[in-house]
Structure formats: C-alpha cells, structure tokens
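Derivation of every value follows stated rules applied to the coordinates shown; laboratory data play no part. Every value quoted in this text rests on a predicted model; they were computed, and no experiment measured them. Reconstructed Cβ throughout: ideal geometry from the backbone, glycine too, with neighbour counts over all protein chains shown.
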Ligand code: SF4
C-alpha cells in the first residue's frame with residue numbers, strides 16, 4: 001500500500017448525499033478475482049448523465065473527491081475502494097462515511113476526511129472553480145488558495161498506517177502470541193466456541 | 001469483571017478483547033467467519049502471495065450464493081450444469097479451489113445445505129449467541145437475531161480474519177431501539193424494520209450497534225428476529241442485536257454445528273447471562289410505538305424512503321433539508337413516480353420473494369398463505385420465489401408450498417441471492433417495477449434501470465395478485 005502524507009490537486013465536486021457502494025461500483029463489476037481495472041466501472045450510473053463531474057475535463061485525474069453525508073453506505077464491497085483508487089482518487093471529503101467503507105478506504109491507502117457540512121460546502125465552491133485543494137495528513141488540515149483552513153480528526157492507528165503505508169495483517173500476525181494465549185484460555189473455559197465447523 | 005451495568009453489546013465486546021491498544025482500538029477475537037465467492041478471491045490471493053496460512057480453518061465456513069444462477073444445478077443425468085457466464089464461473093471455481101486448499105469447510109452449489117450465507121449460518125448452528133460473526137457482506141448484521149455480534153467486513157478484513165482470526169476495531173456506541181406495544185394484524189417484522197429505518201434514517205445508526213428491545217421482539221420467532229437485525233445496516237448501524245432467550249435456544253438445539261451434551265448445557269447457562277443489565281446506559285435511544293406501524297413500502301432509492309401502504313409518493317418540497325430535497329427529486333425521476341400518487345395505485349411488473357432478509361420458511365409460508373387459491377395479475381410478467389437454502393426449499397416442498405406458488409404463476413427456483421442484486425442472471429428489466437422482499441432499493445441494485453419497492457413477503461404476494469402495490473390487510 002502506498003504511503004499518503006500530503007495530497008494536492010483538484011477535487012471532483014460531487015456533493016451528493018448517501019452515495020452507496022452500488023453507485024461507486026455496480027454489482028456486475030464484482031465478478032473479478034483481481035483488484036485491478038475497476039475504474040472502468042466506477043460511478044457508471046452517474047457517468048451516464050450528460051455533463052457529469054467525473055467526465056468533465058476540468059476534473060480529469062483529480063485526486064480528491066468531495067461528497068455529501070453517509071458516503072459509501074450500503075454493500076461492504078471493497079471493490080468500491082479499488083475502483084476509486086483505479087480512478088486516481090486518494091482522498092474523499094464528506095460530512096460522514098459508512099463505517100465499513102471508510103475502513104476499506106484506509107486499508108487501500110485512501111484517506112477519508114470528515115468535515116462539517118459548512119466546510120464541505122465551502123470546499124465544493126472552491127473545487128467548482130477548478131482550484132487545487134491541499135490535504136495534509138501530517139498536520140490533519142485541508143487548505144485552499146483562499147486561505148481557508150479546516151482541521152480534521154482521524155484515529156491515530158489509521159493515520160499511522162496511512163502515513164507509513166503499513167500492512168495491517170502483518171502487524172497483527174506479529175501479535176500471534178497474545179492471540180494464542182486468548183485461544184488457549186477460550187479452549188479451556190468454553191471449548192464449544194472453538195469447534196466451529198468441526199462440532 | 002466490571003460491576004458497572006453493561007449493555008449486551010458491551011458484554012460481547014468485552015468477552016472478545018485480545019488486547020487493547022493505547023489509541024483506543026482493540027484486537028477483537030472472531031469466533032465465526034462466513035465466506036462467499038464475491039468478496040473472498042482477492043483475500044485468498046493475498047494469503048497465497050504472502051505465503052500465509054489460515055489460522056483457524058474450522059472457524060470459517062464457505063458457501064457460494066451471490067453469483068449462482070437459480071435454475072436447476074444438475075441435469076437429468078445428475079451431472080452438474082455448467083455456469084454460462086465465464087466471469088461468474090471463474091469466481092465460483094476460485095472459491096471451490098481456495099476453500100479446501102486452505103482447509104476450510106466448503107458447501108458445494110449442489111448440496112442440499114447450500115444457500116445464502118446468512119440463511120446457512122443460523123440453520124447449521126454455526127452462528128451462535130454471544131459470538132462474534134463476520135462475513136464479507138454487509139447483511140451479516142442478520143445473525144444478531146440470535147444474539148451474536150455480527151457485522152460485515154471488506155476483503156482486506158476477510159484476509160485479516162483468515163490470517164489472524166481477529167480484527168482491529170474501534171468500539172461502537174450502544175444504541176437502543178425500544179418498541180412499545182404490539183404490532184397490528186397483518187403487520188410483519190419487515191414492516192417494523194422498514195418503519196424503524198424510515199424513522200431514524202439511513203445514517204441514523206451510524207457509529208452505533210443497535211439493540212432492539214421490547215415485548216414485540218421477545219414474541220418474535222428467530223426467522224422474524226433475523227429479518228429485523230438483517231436490515232440494521234440500512235439504518236447505518238454496524239450491527240443489530242436481540243438478546244437470546246428460550247426461543248433462541250429451542251431454535252438452535254440439535255442443529256449440526258451447535259454444541260452438544262454437557263457443552264450444550266454450559267453454553268445455554270452462558271447465553272442466559274447475555275442481556276443488557278438493569279441500568280445499562282445507551283448512547284442513543286429511540287422509542288417506537290408499535291401501533292403506529294403499518295404495512296410499509298419504499299418509494300425511493302434509499303431504504304429510508306419509507307411510507308405506509310396507505311400513504312402517497314412524497315413531494316420533494318416536503319423535506320426540510322436541501323440535500324434530501326435534491327436526493328428525493330433524483331429518486332423520483334429514477335423511479336418514474338409522480339408526487340402525490342397513492343402508493344396503492346403504483347402498478348408493478350415483477351415480484352421477487354427471496355434474499356437473506358426474507359427467504360426463510362416462515363417468509364414462504366406468509367406469502368403462500370396469501371397466494372393460496374389465487375393467481376398473479378396479468379400485468380405481472382415475472383414472479384419468482386427463491387428459497388434461502390436447499391433445506392428451506394425441501395421443507396417448503398414437503399408442506400406443498402411450491403405447488404401454491406406455481407399455481408399462482410410464480411417460478412420456484414434453486415437457492416441463492418438471485419434478484420436481490422444484479423450479479424446473476426435474475427434481473428429486473430430496466431424501467432420496470434418490482435415488489436421485492438429484499439433489503440436494498442438502490443439505483444440499479446436489481447439490474448440496470450430497475451425500480452425496486454421493498455415490502456414484506458405477504459405484501460409482495462398481495463401485489464402479485466392485484467398487479468399493484470396493495471395493502472395485504474385486504475386479504476386477511
Ligand atoms: S441476499 Fe442480497 S443482501 Fe443477502 S447476502 Fe445475498 S446479495 Fe447480500
């Protein structure tokens with residue numbers, strides 16, 4: 001996973017609320033067994049509309065997406081994060097995100113930035129002017145050429161993983177001993193919990 | 001442990017903390033992991049590339065469901081029928097190879113135990129009260145109906161669970177949805193959960209785990225509780241829970257993967273401690289009066305777009321907030337609906353009875369009770385019933401429900417996700433409407449351009465008979 005420290009560039013001013021993961025990547029694209037190439041199907045339904053922001057030359061290759069409340073709700077498909085990444089999106093700014101999708105985003109090196117609606121509205125205005133926005137994960141700020149400056153929160157572990165491009169699976173495997181200890185006391189006290197399909 | 005009164009969610013959480021980190025996240029042990037073909041191939045691939053084994057193969061169960069066509073799976077000679085779509089076939093083949101290669105129990109498409117993951121887990125006794133259950137599918141919340149902490153995860157997390165049997169999580173906040181009183185006649189568990197989502201909104205449970213409380217839930221069967229918890233995610237909640245009780249224990253006893261003998265007794269004794277303590281504090285509480293709940297139906301493209309069947313298509317101006325007005329207009333355009341139209345005048349061309357929300361035996365019985373001796377209307381072009389598992393299908397056939405459906409003009413299919421999502425051949429044609437017992441009315445969910453109205457199984461059956469959205473109470 002690629003580390004993310006600072007992203008500067010234009011932002012796609014989507015602004016839409018309740019953008020579900022079926023909108024980000026429709027089901028017919030989920031039949032793949034790889035993570036690559038999903039950008040082709042990304043936001044397909046929205047892109048069918050003439051004059052949509054995704055195909056507007058002003059926002060081609062923009063690394064930031066600005067959306068409304070509850071971004072990424074619905075299906076847990078991680079394909080949504082892979083599709084966004086394939087489009088070159090590294091940061092999504094919205095007033096709120098679905099839990100599952102924001103987790104998926106971070107695990108793929110995409111930063112979800114939660115800001116209040118007024119801040120999001122202001123950033124949408126700036127984005128529509130075609131100006132670059134800067135997202136700094138070290139400083140946890142979003143800034144514009146107009147000197148707007150918004151700070152955001154992110155849980156320290158996620159921030160650490162994003163800044164360093166860390167693989168969570170490897171980090172947890174290093175805790176194997178603690179997990180083994182938990183399993184041993186489990187097996188002694190409630191053996192039926194550990195039987196699963198072998199019951 | 002702590003003497004502070006705890007909620008059910010906190011009790012299950014506490015029992016699964018392997019270690020807590022300084023930043024407040026915790027490494028949580030996962031007791032049960034369900035795997036299907038769509039969200040797992042990239043996880044298995046990553047394990048292979050890194051040379052990582054599956055830590056506890058017996059705690060994972062794999063079953064294909066999303067992609068499978070629901071037409072017969074074996075031909076006249078008993079040979080498996082090949083899957084026509086090459087991409088679906090490749091994805092299904094990947095699971096069939098990956099599961100045994102990593103030592104995971106795999107239920108093949110042709111087995112009578114095959115079905116939708118969220119139907120199979122409880123049915124096999126794999127899903128148990130007080131356990132943590134995950135699956136790469138957001139409707140995993142379903143298993144909360146047994147009193148399990150169950151939630152959907154992404155593919156990276158599937159890989160994480162396979163490799164470590166844990167997840168790194170931030171604790172959610174406990175939320176209580178209390179329902180007072182009793183549901184009226186003809187009002188089902190599905191109507192109740194649609195009503196709840198309409199009340200609290202598609203993001204109303206965001207950051208929370210909901211516990212459903214009140215007599216209504218205590219009186220529900222497990223099938224009904226699974227329906228309620230299934231849709232918790234549509235209110236934005238991570239999971240939904242109903243405390244386990246004697247109904248739960250009776251449902252689980254004797255199931256193939258449930259504890260047996262002395263272990264069963266020990267398990268039940270433990271499960272009896274799993275309820276929110278008197279005085280436990282919820283971060284958010286919502287109270288709903290059961291008498292206010294009517295048979296419900298959705299009009300838009302978010303599950304929060306709910307009205308009672310006696311209601312009308314809303315005007316975008318009815319909504320206070322600007323972004324909701326814009327969203328409502330977009331929904332109405334997509335759905336091809338005119339504001340002010342009574343819902344009972346909305347004609348439908350398709351009916352789908354199935355999905356992990358409503359494909360269990362009781363759902364099929366409720367629909368069949370309405371359809372018995374009746375036929376679908378002529379304007380209903382396509383009506384299908386897709387049982388949640390091979391076992392549900394066999395039980396329904398034993399009760400003669402298949403005959404009732406077929407005589408009413410429905411197709412009787414093999415188990416799978418079917419028209420719940422446009423991934424297999426079962427799709428609703430563009431521009432047409434479907435009365436559907438599934439859980440999502442998103443744009444394109446049932447096929448590109450398809451228009452979905454979410455309803456209960458009995459309401460879907462009633463709509464099939466009249467050819468329009470209908471108040472099922474006219475039939476009872
Ligand atoms: S039936 Fe629908 S919601 Fe349920 S698991 Fe299958 S696709 Fe997901």
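Ranked by the mean number of other Cβ atoms within 10 Å per residue, highest first, peptides A:92-99, B:443-450, A:174-181 order as A:92-99, B:443-450, A:174-181.
Neighbouring Cβ atoms from other chains, within 10 Å of the Cβ of residues in B:441-447, number 5 on average.
Taking other C-beta atoms within 10 angstrom as a stand-in for reagent exposure, B:302, B:331, B:127 fall in the order B:331, B:302, B:127, fewest first.
Work out, in µm²/s and without decimals, the Stokes-Einstein translational diffusion coefficient of the stretch B:8-169 at 25 °C, 0.890 mPa s, Rh from Kirkwood over C-alpha pairs. Estimated via Stokes-Einstein, D reaches 149 µm²/s. Label the stretch B:265-387 by shape, choosing from rounded, prolate and oblate, from the square roots a ≥ b ≥ c of the eigenvalues of the Cα gyration tensor; if a/c is under 1.5 it is rounded, and otherwise prolate applies when a/b is larger than b/c, oblate when it is not. Oblate.
Evaluate peptide A:16-23: per residue, the Cβ atoms of other protein chains within 10 Å of its Cβ; return the mean as an integer.
On the way: counts 4, 10, 13, 0, 8, 3, 8, 5.
Mean inter-chain Cβ contacts per residue within 10 Å come to 6.
Spatially, the stretch B:1-54 and the stretch B:371-420 are offset by 38 Å when compared through their Cα centroids.
Here the stretch A:6-166 is treated as an ellipsoid with the same Cα gyration tensor; its semi-axes, largest first and in whole Å, are 23, 19, 14. GNM on chain A, alpha-carbon springs under 10 angstrom: the most fluctuating residue among A:88, A:61, A:170 is A:170.
Does the stretch B:296-475 come out rounded, prolate or oblate by the C-alpha gyration tensor, with a ≥ b ≥ c the root eigenvalues, rounded set by a/c under 1.5 and, if not, prolate when a/b is larger than b/c and oblate if not? Mind dumping the intermediate values first?
Details: a/c = 2.14, a/b = 1.69, b/c = 1.27.
Because a/c hits 1.5 or more and a/b exceeds b/c, the stretch B:296-475 counts as prolate.
Distance distribution P(r), the stretch B:166-262, all Cα-Cα pairs, bin width 10 angstrom from 0: 15, 42, 30, 12, 1 percent. Between A:115, A:38, A:16, the Gaussian network model of chain A with springs among Cα atoms under 10 angstrom shows the greatest mean-square fluctuation at A:16.
Return the tail of the calculated pair distribution for the stretch B:393-476, meaning the percent of Cα-Cα pairs more than 15 Å apart. Mind dumping the intermediate values first?
On the way: 2187 of 3486 pairs.
Distances greater than 15 Å cover 63 percent of the Cα pairs.
Summarise the long-distance tail of P(r) for the protein assembly as shown by giving the % of C-alpha pairs beyond 39 Å. Write out the running numbers ahead of the final one.
Values: 63159 of 227475 pairs.
When all Cα pairs of the protein assembly as shown are counted, 28 percent exceed 39 Å.
Counting, for every residue in A:169-176, the Cβ atoms of other protein chains within 10 Å of its Cβ and taking the mean gives 6.
The stretch between residue B:407 and residue B:278 holds 41.3 nm of extra length on full extension. This uses 0.36 nm per residue minus the Cα-Cα distance.
So how do B:138-151, B:205-218, A:153-166, B:185-198 stack up, highest first, on mean other-Cβ count within 10 Å?
Working: B:138-151: 30.6, B:205-218: 22.4, A:153-166: 15.9, B:185-198: 24.1.
In descending order of packing, they fall as B:138-151, B:185-198, B:205-218, A:153-166.
A crude spin-label estimate for the pair residue A:34 and residue B:113, with each label 7 Å from Cα along the Cβ direction, gives 3.5 nm.
Measuring max minus min along each principal axis, the C-alpha atoms of chain B give extents of 60, 57, 43 Å (largest first).
Each peptide among A:47-58, B:161-172 gets the average number of other Cβ atoms lying within 10 Å of its residues, and from highest to lowest they stand as B:161-172, A:47-58. Spatially, the stretch B:303-330 and the stretch B:149-192 are offset by 26 Å when compared through their Cα centroids.
When the helices of chain B are scored as -39500 (n - 2.57) per DSSP H run of n ≥ 4 and the total is divided over every residue, the value at 222 nm lands at -9000 deg cm²/dmol. The label point for residue B:320 and the one for residue A:128, both projected 7 Å from the Cα toward the Cβ, are 2.5 nm apart.
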